[in-house]
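Novice: Encoded as structure tokens, here's the structure I'll be asking about.
The values are calculated or read from the model by the stated rules, or taken from the named source; none is laboratory data. Note that the structure is predicted; figures quoted are calculated from it, not measured. Backbone-built Cβ (ideal geometry, glycine too); neighbour counts: all protein chains shown.
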Amino acid sequence: MLAGKRILLTVAGGIAAYKCHDLIRRLRERGAAVRCILTEGGAQFVTALSLQALSEDKVYGDIFSLTDESEMGHIQLSREADLLVVAPATADILAKMAGGLASDLATTVLLATDKPVMVAPAMNVRMWEHAATQANIAMLEARGVIRIGPDEGDMACGEYGMGRMAEPEAIVEAIEDFFGGANRPLAGRRALVTSGPTREPIDPVRYIANHSSGKQGHAIAAALAGLGAETRLVTGPVTLADPAGVEVIHVETARDMLAACEAALPADMAVCAAAVADWRVAEAADEKLKKNGGGPPSLEMIENPDILKSLAGAGNLRPALVVGFAAETENVVANAKKKRKAKGCDWILANDVSRATGTFGGDANTIHLIGAGGSKGGVEDWPRMTKEEVAGRLAERIAEHFGGGS
């Protein structure tokens, strides 16, 4: 099952590090090549010699090693693997991953990689249940990081609860599922997702934009990639990290976004979650506009290209499934139905973005899925969920549409 697959295993500093010997052995038995990074903390529990003997490959740990960097630089380490696995994934390394820190070789490689990442958390139950750890895990999963465990059981510290690292056989099974297609029903499909706002310049220092954070679009891209889709994300200006395992194109204006989307075709599915500015200034000023005591400037506005409608009407290049969003402040479902018909898309997700909901910039969303069948005349009313949960449910519905869902 794993013949020819290359696994980069990071062993962090937890008592569960002893299980990595068995994990390496099981992976090698199935034909995988395993290369290890041993953190300073991990070296307190297992030795580089033992990992090297089992993996039959050099063990890396020092980012400042002139020899290691000349033979196998940290960027190359991050790119050569098919999958990066962190086991045990301590609370410390999860926090560093979530924060984008690069304080040693392991975290630098994890930050530099463009390959899928899997983590097997292991820590004390109170550390696992702490709000900071849960927030870090949620952030990593939103970026596409795959989590295995933890399990419930006795702790080395004498306590009992959630926090034991998953057993090696469970981690191997998850890795086999990842490569074998189980839980990846969109493998072989190409997905295009738009996210964030656009910025339409008025002059070199001012622009027209909106309050979109990009959280929903980024979460959707991560969820589709997690189900195996080859995913391209076209995003306007946001402060979010790029989702792992996703090709990301950063743009500014609606015209830039449309051009990037057209260049991404053909695709099997397109999900337009970006909040694209409807209008732009006809002629942006080359220099900063001055007050000069003459009152506000008169700005001639023209309509921006309609990206959703353009993709839905792309002829032979039209994705088989085109999904849009309808951000409404009143008559949410009725207005979304009209928008779906006008745009020519297959599905539309209606959400209430009025100020009281906190949807724009917030972490939750309430969705009405229109056009995907179901009851109430083709309207599915979803409960209020986090944006990651919305993304996961939408990805599953897309997988079902293509015949690969559960």
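Novice: Being at pLDDT below 90 and under 21 Å from Ala223 (Cβ atoms): is that true of Asp114 here?
Specialist: yes
Novice: What number of residues within the stretch 117-153 satisfy the criterion of being assigned to a helix (DSSP H, G or I) and either hydroxyl-bearing (Ser, Thr, Tyr) or touching a Gly at 6+ places or on another chain (Cβ under 6 Å) (or both)?
Specialist: Total meeting the criteria: 3.
Novice: Suppose we filter Ala43, Ala16 for residues that are part of a helix (DSSP H, G or I), crowded, with 16+ Cβ neighbours inside 10 Å and in contact with a Gly (Cβ under 9 Å, 6 or more places away or on another chain); which single one remains?
Specialist: Going through Ala43, Ala16 in turn, the sole match is Ala43.
Novice: Would you point out which residue out of Ala156, Ala102 is assigned to a loop (DSSP other than H, G, I, E, B), touching a Leu at 6+ places or on another chain (Cβ under 8 Å), more than 26 Å from Ala391 (Cα to Cα) and in the same structural domain as Ala12 (by TED's automatic domain parsing)?
Specialist: Ala102
Novice: Mind checking whether some residue in the stretch 274-281 is surrounded by 15 or more Cβ atoms within 10 Å (Cβ to Cβ), touching a Lys or Arg at 6+ places or on another chain (Cβ under 7 Å) and modelled with pLDDT of 95 or more?
Specialist: Within the stretch 274-281 (the criterion being surrounded by 15 or more Cβ atoms within 10 Å (Cβ to Cβ), touching a Lys or Arg at 6+ places or on another chain (Cβ under 7 Å) and modelled with pLDDT of 95 or more), the answer is no, since none of the residues qualifies.
Novice: Here is a further query. For the stretch 315-348, which residues satisfy the criterion of being in a loop (DSSP other than H, G, I, E, B), within 26 Å of Glu200 (Cα to Cα) and modelled with pLDDT under 95?
Specialist: Thr329, Glu330
Novice: Let me ask something else about it. Could you tell me which of the residues Val248, Val234 is in contact with a Ser or Thr (Cβ under 6 Å, 6 or more places away or on another chain), without any contact (Cβ under 8 Å) to a residue 60 or more places away in the chain and part of a strand (DSSP E or B)?
Specialist: Val234
Novice: Only one of (1) in contact with a helix residue (DSSP H, G or I) (Cβ under 8 Å, 6 or more places away or on another chain); (2) touching a residue at least 12 places away in the same chain (Cβ under 8 Å) fails for Ser103. Which number is that?
Specialist: Among (1) in contact with a helix residue (DSSP H, G or I) (Cβ under 8 Å, 6 or more places away or on another chain); (2) touching a residue at least 12 places away in the same chain (Cβ under 8 Å), the lone unmet condition for Ser103 is (2).
Novice: Inside the stretch 268-302, can you point out the residues that are among the aliphatic types (A, V, I, L, M) and in contact with a Cys (Cβ under 9 Å, 6 or more places away or on another chain)?
Specialist: Ala270
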